[in-house]
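Encoded as structure tokens, the structure appears first; notes follow it.
The values are calculated or read from the model by the stated rules, or taken from the named source; none is laboratory data. Only a predicted model underlies this, so the values are computations on that prediction, with no experimental measurement involved. So basically every Cβ, Gly included, is an ideal-geometry build from the backbone, and we count neighbours across all protein chains shown. Side chains are part of the model used for accessible areas, which takes the heavy atoms of the whole protein and leaves out ligands, DNA and RNA. Shrake-Rupley method; radii C 1.70, N 1.55, O 1.52, S 1.80 Å.
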Amino acid sequence: MAVKAAATAWRRTLPETTRLSVRKTYKLFIGGKFPRSESGRTYLVDGDNVALASRKDARDAVVAARKAQPGWAGATAYNRGQVLYRIAEMLEARREEFIARGVSEPEVNAAVDRWVWYAGWSDKIAQVHGSVNPVAGPYFNISAPEPTGVVAVVAPESFLGLVSVIAPAIVTSNTVVVLTGLPQAAITLAEVIATSDVPAGVINILTGDAAGNAPWLASHDDVNALDLTGVTNPELATELERGAAGSLKRVLRPPAEGIDSAAEPGLQPMTALLETKTVWHPKGF
Amino acid sequence: MFEYAPAPESRSVVDIAPSYGLFIDGQFEPGAGSFKTVNPASEEVLTEVALAGPDDVERAVAAARSAFEPWSALPGSERAKYLFRIARIIQERSRELAVLESLDNGKPIRESRDVDLPLVAAHFFYYAGWADKLRYAGFGTDPRPLGVAAQVIPWNFPLLMLAWKVAPALATGNTVVLKPAETTPLSALFFADICRQADLPAGVVNILTGAGDTGRTLVEHPGVDKVAFTGSTEVGRQIARSVAGTRKRLTLELGGKAANIVFDDAPIDQAVEGIVNGIFFNQGHVCCAGSRLLVQESVFDEVLESLKRRMATLRVGDPLDKNTDVGAINSAEQLERIRTLSDAGSQEGAERWSPPCELPSQGFWFAPTVFTGVTQAHRIAREEIFGPVLSVLTFRTPAEAIEKANNTPYGLSAGIWSDKGSRILAVADKLRAGVVWANTFNKFDPTSPFGGYKESGYGREGGRHGLEAYLA
């Protein structure tokens, strides 16, 4: 009985209204899973120990992205649009969580709207960017856009910026490996993605030292394009662009005028990650 | 087989001067040095051309820069008329230019006359029409030119590659400094004369002859806004490195190792014509050449027998003879490369075959050659030979054909031979290549975008897509 009395006494000392919260562990997002960095390293951001991605994590993410790419490109455009719209729905539902993490309400709203905007492009970009070519001969000649493949992205340091580099890459059937210095917002976005029917590996997110990991991706032979939108150090941008030349990656340089994520993106973020395939087919009876 | 009497085209339609200067700001001027250009079919020196040094590059870029403002300010309809004029002059002088091209390059007159020159004129006509319609092209309501375009082109289609570069650049309001290949400078110099004939404002087009150093100095010049290069993947990499960290826009059209896939239901005679056209057209000096033949096993014997029979009828020799099918290899250096890689093919165990054919004693020649028993690991299956050398591999299923076709760092072109439309379209979807020819090969058209995937480069030339490289 003495034991029971002591336990009751202990409970009585707790104030009625407080509860110890369950904290979230912020890990990486690779191949649809949330692994820790294989290096075992973390770093402290706003009181959270977040994963510090390594070179090996970057390589694993490329493997996951490569594996996912044909299936994602093989999905119908309608299906890809539905998946992107689903991301908008899931993000809308979790707006408060991003706001609580310090993303402004207008920015979260704009990010939701950006997913909706890009979702609609899935089955239109080929019509806008492709063509039927009136060649001088009895041939049906058609040019259609196709994904360039695996895209490595250095994301800008804002939530809307992050969404604005991922969405155009995946709506065009590419798969991405994203380097971000916004670990909590990015991994919370990964949770949104993980519940939106995005196939595993289509979006992979590495948190930590973007400048340290970007060179591995820039020179990785199985990466097709490098989006440097988020690189603010011109020397690093130059070094990465040089690294990309080895396998002739498509490179999106950091915008000369700075990033304006609020403006309507236009076609360029999508068309820069598309290849044009032209098919000649004879006509005849 | 019938014997053919020689039917040479007359050289007298071309008047080659004993020497040529650089074309800068509307004038021919001396350069830092000079070099000779030879007829690869005879090794005869055709003329001497100026070698552009760094000062010449400086002057040409400055001329293009000062011409840029007035040229880009012209109404599109006026720029269009200059381009239409140029197109017409090319048509009018096409016989002269065709003979010149065959003399300097070594390609058969039949090809320079029937393929290169008509396409050159068509390209200028096509882009002329865009000059006053750019706001409808889908690149924004107020598309702007970039400025000065540095353009470096190869020796395999000298005037056609010039047209692919110059026509869209001028239509969009850019000005140009172009460097033709070291071994084929003449048609570009004749084009300079055509610009004068068309009264094109001075400085809008500048032509610098020279070698690799001239090209490097040009693309690295800080006064250049746009670089367009067609050539080897290795040089493409160097250029991509050199423009890193600048605001220069870059398009690259590089090497290839195209698969030409023959399925068992293909019309075999037609396919064999396509195989021959795919690899022996222009002596195989074609970046999109069908240099890897993938034949379905069940028709391998039939295709090979028919191919060898057809190859035996190819006439190799004088490029100016209208009956010639395969002309001269462009240079001693290229001939050496073709020999080295072909020898590697034999050493690595592939079986080599060429039809009996007598090659001229002067000049640079290589007999049409086919290798069988080639595996994907062989150098002749992986490296671009850029000559009349075909590597034959086999496959059993469409999936295997696709796998093998895509097993290359290149991705410029591919061919599919089949009677089944649904199979053609399904396979075309899976091939990682910028141009896919179904039941045809090596077809080009100014309206049809051309360019590579992967290490075959980036950007497109031709068609509406071709405007993008020159617009901001």
Tensor-based shape of region A:129-285 (alpha-carbon gyration tensor, a/c under 1.5 rounded, otherwise prolate or oblate): prolate
Relative contact order of chain B, pairs being alpha-carbon contacts under 8 Å that are 6 or more residues apart, as %: 18 percent
Acute angle (nearest 10 degrees) that the helix B:233-243 long axis makes with the longest principal axis of chain B, alpha-carbon atoms: 30 degrees
Over chain A: helical MRE at 222 nm, DSSP H runs n ≥ 4 each giving -39500 (n - 2.57), nearest 500: -13500 deg cm²/dmol
Chain A: Lys pairs at Cα distance under 30 angstrom, eight or more positions apart or on different chains: 18
Furthest towards positive pole of dipole, A:TYR118, A:ALA136, A:THR238, structure part region A:118-248, Cβ charges: A:ALA136
Chain B, dipole about Cα centre (Lys/Arg Cβ +1, Asp/Glu Cβ -1), debye to the nearest 20: 1340 debye
Cα-centre dipole for chain A with unit charges at Cβ (Lys and Arg positive, Asp and Glu negative), debye to 20: 1040 debye
Label-point gap, in nm, between B:GLN197 and B:GLU302 - each point 7 angstrom along Cα→Cβ: 5.1 nm
Largest-first ordering by accessible area, 1.4 Å probe, given options B:GLU92, B:GLU101: B:GLU92, B:GLU101
List B:CYS357, B:CYS195, ordered by accessible area with a 1.4 Å probe, largest first: B:CYS357, B:CYS195
Summed side-chain charge close to B:ALA469 - residues other than B:ALA469 whose Cβ falls under 10 Å, Lys, Arg +1, Asp, Glu -1: +2
Rounded to the nearest 10 Å², the accessible area of B:TYR458 at probe 1.4 Å: 40 Å²
Within the protein assembly as shown, percent of DSSP bridges classed antiparallel, to nearest 5: 35 percent
Counting all C-alpha pairs of chain B, share separated by more than 41 Å (%): 16 percent
Cross-link partners of B:LYS420 among aspartates and glutamates (Cα-Cα below 12 Å; sequence separation of 8 or more within a chain): B:ASP264, B:ASP265
With DNA, RNA and ligands ignored, accessible area of A:LYS33 (1.4 Å probe; Å², nearest 10): 140 Å²
Qualifying trypsin sites (Lys or Arg not before Pro) in region B:53-117, DSSP loop, other Cβ atoms within 10 Å at most 12: none
CD proxy at 222 nm, helix term only [per DSSP H run n ≥ 4: -39500 (n - 2.57); per residue of chain B; nearest 500]: -11500 deg cm²/dmol
Hull-based mean projected area of the protein assembly as shown, where the convex hull spans the alpha carbons, in square nanometres: 38.2 nm²
Relative contact order (percent, whole number), region A:43-165, Cα cutoff 8 Å, 6+ residue spacing: 24 percent
At most 16 other Cβ within 10 Å, DSSP loop - GluC sites (Glu not before Pro), region B:6-78: B:GLU43, B:GLU44
For region B:186-232 and region A:43-76, distance of Cα centres in Å: 45 Å
DSSP bridge pairs, chain A: antiparallel proportion in percent, nearest 5: 50 percent
Cα-only radius of gyration and Dmax that characterise region A:24-282, units Å: 18.0, 68
Relative contact order %, region A:24-282, counting alpha carbon pairs below 8 Å whose residues are six or more apart: 26 percent
Helix axis angle, A:183-194 relative to chain A longest principal axis, alpha carbon, degrees: 70 degrees
Using alpha-carbon coordinates, inclination of helix B:54-73 to the longest axis of chain B, degrees: 70 degrees
Length released on extending from B:GLU234 to B:GLN270, taking residue separation times 0.36 nm less the Cα-Cα span: 9.5 nm
Cβ-based net charge around B:CYS357, under 12 Å, with every Lys or Arg adding one and every Asp or Glu removing one: -1
Overall form of region B:283-387 per C-alpha gyration tensor (a/c, 1.5; a/b vs b/c): oblate
Residue among B:PHE386, B:ALA312, B:LEU425 farthest towards the positive dipole end of chain B, charges placed on Cβ: B:LEU425
Three-way shape call for region B:121-252 based on the alpha-carbon gyration tensor, with the a/c threshold at 1.5: oblate
Cβ-placed point charges (K, R +1; D, E -1), dipole of region B:259-438 about Cα centre in debye, nearest 20: 300 debye
Share, in percent, of DSSP beta bridges within region B:259-438 that are antiparallel, nearest 5: 10 percent
Under 21 Å from B:LYS179, Cα to Cα: lysines that are on another chain or at least 8 residues apart: B:LYS36, B:LYS107, B:LYS165, B:LYS226, B:LYS248
Surrounding net charge for B:VAL374, when Lys and Arg each add one and Asp and Glu each subtract one, Cβ distance under 13 Å: +3
Options B:LEU117, B:ALA438, B:GLY223, ranked by Cα towards positive dipole end of chain B, top entry (Cβ charges): B:GLY223
For q = 0.13 Å⁻¹, Debye-computed log10 I/I(0) when each Cα of region B:259-438 counts as one equal scatterer: -0.61
Sequence of B:LYS36, B:LYS322 from largest to smallest accessible area, 1.4 Å probe: B:LYS36, B:LYS322
